[in-house]
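To start, the structure itself, in structure tokens.
Since every read-out is calculated from the coordinates, none of them should be taken as a lab result. Computed from a prediction, not measured in an experiment: that's the story for all the values here. Backbone-built Cβ (ideal geometry, glycine too); neighbour counts: all protein chains shown.
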Amino acid sequence: MYRFLLSRQWVILTLVGLVLIPVMIKLGYWQLHRHEHKVAQNQLIASSLAAKPVPVTDLTAPGRDLPRREMWRTVTATGSYDTAHEVVVRQRTAADEQSIGYYVLTPLVLGDGDAVLVNRGWISAGDDLTKFPDVPAAPKGKVTVTGRMMADETTEASGIKDTRGLPARQVMLINSKEQAKRTGRPMLGGYVEQTAPKQPGGKPELVPEPDHDSIGPHMAYAIQWWLFAGAVPVGWVILVRRERRDRAAAAAAAAKTSGEAEDARESADATA
């Protein structure tokens, strides 16, 4: 009755189904882990933003990698801007998530001589990408900056390629170690994403607070993959029953045709 399952076509179909089921289950768990990571990150961002501001030197030091638990903490830094070593970071998006331009990255020299990188915000790229853009001047003299503490960017973590041979004073990644080499000055690990004070005229445009409300579609995708995994054996059973029914119907039709032919022959013989 089910001998057709041993046919080449059905053996291949069954093996494909047996492979798909664990693959889909694994994809579901992958999406579940992405969901859990997103939820944990949202909680970290929310708690960090709500924490009391602390001096930047409480969280970082020259050459130190910022721990993930300290990300997005609000910090304050007091010093003077070193505009001679100001650079712009290419291929960055404005708050509208569409306009492409630069982040303005300026070292802030602290009272002890160490410096911390400050992302002062976003500016338009302009028409000539080979030249240093017209950057709004940083405040002169002693200033106090408030912002979110961020970890150094790397290609591995960000996916941004660290392109070489860029125009002067343009970089792809915000990295305190690289800027320490460039300036010859001790640089605190990580950087400050400025939130206050606001710039005169709103330029550079301050980087908006990261989204920590959306959890994305990962849980829905996980459930979807698991439903697909469950649908495979159900679909296999349906196909097997349909095949059995079709074969039985074909066999019955063939038997009926054969019987009618046999009756016709007998009738012809009797007439003869």
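Overview of results
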item: Under-5 Å amide H pairs with THR195, H placed in peptide plane, nonlocal only; result: THR146, GLY147, ARG148
item: P(r) of the chain over all Cα-Cα pairs, binned every 10 Å from zero, in whole percent; result: 6, 20, 22, 13, 9, 8, 7, 5, 4, 3, 2, 1, 0
item: Whole-Hz ³J(HN,Hα) from phi, Karplus 6.51 cos²θ - 1.76 cosθ + 1.60, for the stretch 240-249, glycine and proline x; result: 4, 5, 5, 4, 4, 5, 5, 5, 5, 5
item: Approximate spin-label separation GLU178-ARG242, in nm, with each point projected 7 Å along Cα-to-Cβ; result: 5.6
item: Rg over Rh, two decimals, the stretch 88-233 (C-alpha only, Kirkwood Rh); result: 1.10
item: Stretch gain in nm, segment TYR29-ALA231, where the contour uses 0.36 nm per residue and the Cα spacing is subtracted; result: 71.0 nm
item: Taking the stretch 52-202 and dividing mean pair separation by its residue count, relative contact order in percent (alpha carbons under 8 Å, at least six apart); result: 31
item: Quotient of C-alpha Rg and 2.2 N^0.38 Å, computed over the stretch 160-260; result: 2.61
item: Label-reachable residues, the stretch 194-228, where backbone N falls under 18 Å from a point 7 Å from VAL16's Cα toward its Cβ; result: 228
item: Evaluated at q = 0.13, 0.23, 0.26, 0.29 Å⁻¹: base-10 log I(q)/I(0), Debye formula over Cα of the stretch 97-157; result: -0.48, -1.15, -1.24, -1.32
item: Gap separating the Cα centres of the stretch 210-261 and the stretch 23-80, nearest whole Å; result: 45
item: Vicinal HN-Hα couplings computed from phi for the stretch 168-185 (Karplus, 6.51 cos²θ - 1.76 cosθ + 1.60; Hz; Gly/Pro x); result: 4, 6, 10, 9, 9, 10, 8, 9, 5, 5, 5, 6, 5, 5, 5, 8, x, 10
